[in-house]
1. What number goes with the only condition from (1) part of a loop (DSSP other than H, G, I, E, B); (2) in contact with a strand residue (DSSP E or B) (Cβ under 8 Å, 6 or more places away or on another chain); (3) surrounded by 17 or more Cβ atoms within 10 Å (Cβ to Cβ) that residue 174 does not pass?
2. Within the stretch 154-176, track down each residue that is free of Cβ contacts under 8 Å to residues at least 40 places away in the same chain and under 23 Å from residue 288 (Cβ atoms).
3. Regarding residue 291, is this residue at pLDDT 95 or above, assigned to a loop (DSSP other than H, G, I, E, B) and more than 25 Å from residue 350 (Cβ to Cβ)?
4. Does residue 110 satisfy being within 18 Å of residue 135 (Cα to Cα) and crowded, with 16+ Cβ neighbours inside 10 Å?
5. Residues 85, 65, 26, 11: which one is closer than 25 Å to residue 217 by Cβ and either under 17 Å from the mean Cα position of the chain (by Cα) or in the same structural domain as residue 128 (by TED's automatic domain parsing) (or both)?
6. If we scan the stretch 88-95, do we find a residue that is free of Cβ contacts under 8 Å to residues at least 60 places away in the same chain and not in a strand (DSSP E or B)?
7. Of 249, 310, which residue is in contact with a strand residue (DSSP E or B) (Cβ under 7 Å, 6 or more places away or on another chain) and assigned to a helix (DSSP H, G or I)?
8. Based on what the data block shows, is residue 315 at pLDDT 95 or above, out of contact with any helix residue (DSSP H, G or I) (no Cβ under 9 Å at 6 or more places or on another chain) and surrounded by fewer than 19 Cβ atoms within 10 Å (Cβ to Cβ)?
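The values are calculated or read from the model by the stated rules, or taken from the named source; none is laboratory data. None of the values given here were measured: they were computed from a predicted structure. Every residue, glycine as well, gets a Cβ built from its backbone with ideal geometry; the counts of neighbours run over all protein chains shown.
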């Protein structure tokens, strides 16, 4: 589609993942923060190669800046990529990835770029589809302000849907394996979930969603999600085995992955199994597999501010989560999901 230009800043909407310039894809592959939309974008590119046609509410907006070079030419740099896509059981929020780090984002830099991106999105004629925005904090706030100004659709009052820290683990930060459990009345088995686990793990998917308003799941939708996760081999479990039988005590979901990066998108331990360090054991074992078997360079996740799970991830080796440390990690950023007036949008699921 023709690009909209504001001086040296341009935005372009792409209704095909295959039409997005290769330079944009290459740029995102260098940055683990882009996982929020890159893994899905690459999946769409595969599906389109199989002649799957995208729906009207599946597209991307690319914002870039062209600057003159010292040799009289010009150089285009990527600023932002917006994704309007689907997850395994519903419509994703609007995701925005930006190449600048959080601390580099100024009001002047964001102003014209967010205004142009919002204008491009508004012209797509799908205001009801924009039920929330998830991006690094300053970007989410700037987008929401421009979106409300343009459409008259207000941000939901009160707490944001999600306020979290982006963190990552690498082979060099992953901690050594823990000792076996001291309690010899049971053993633990860490493995990928299987078809026979679907009903049991659906209860854990239901429990996880119950803690994540407004994205609660019905029992049937929890079963649908568990089925998709198991069949796509995206769910790991920690199973407790004793003389009385076996139970799944913790799950870890991995729903966004590409050649270099995998995201942990769900970790849940039912109340009866908490305080036994099962989440630590499972997350650490999954990271170990991803690094040593699948040869990933990063495992990434988002953890809510004030969420006790941050202590678990810190012990595993995810950086920037230790409240006692002043060490700074430039890729660790604050992300924000802001919802829009639910009487005027169609809520999705992620």
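1. Exception for residue 174: condition (2).
2. 172, 176
3. No, not satisfied.
4. Values: within 18 Å of residue 135 (Cα to Cα): yes; crowded, with 16+ Cβ neighbours inside 10 Å: yes.
In short, yes.
5. Numbers: 65 fails: closer than 25 Å to residue 217 by Cβ; 26 fails: closer than 25 Å to residue 217 by Cβ; 11 fails: closer than 25 Å to residue 217 by Cβ.
Being closer than 25 Å to residue 217 by Cβ and either under 17 Å from the mean Cα position of the chain (by Cα) or in the same structural domain as residue 128 (by TED's automatic domain parsing) (or both) holds for just one of 85, 65, 26, 11, which is 85.
6. no
7. 310
8. Details: at pLDDT 95 or above: yes; out of contact with any helix residue (DSSP H, G or I) (no Cβ under 9 Å at 6 or more places or on another chain): no; surrounded by fewer than 19 Cβ atoms within 10 Å (Cβ to Cβ): yes.
So residue 315 fails the test.
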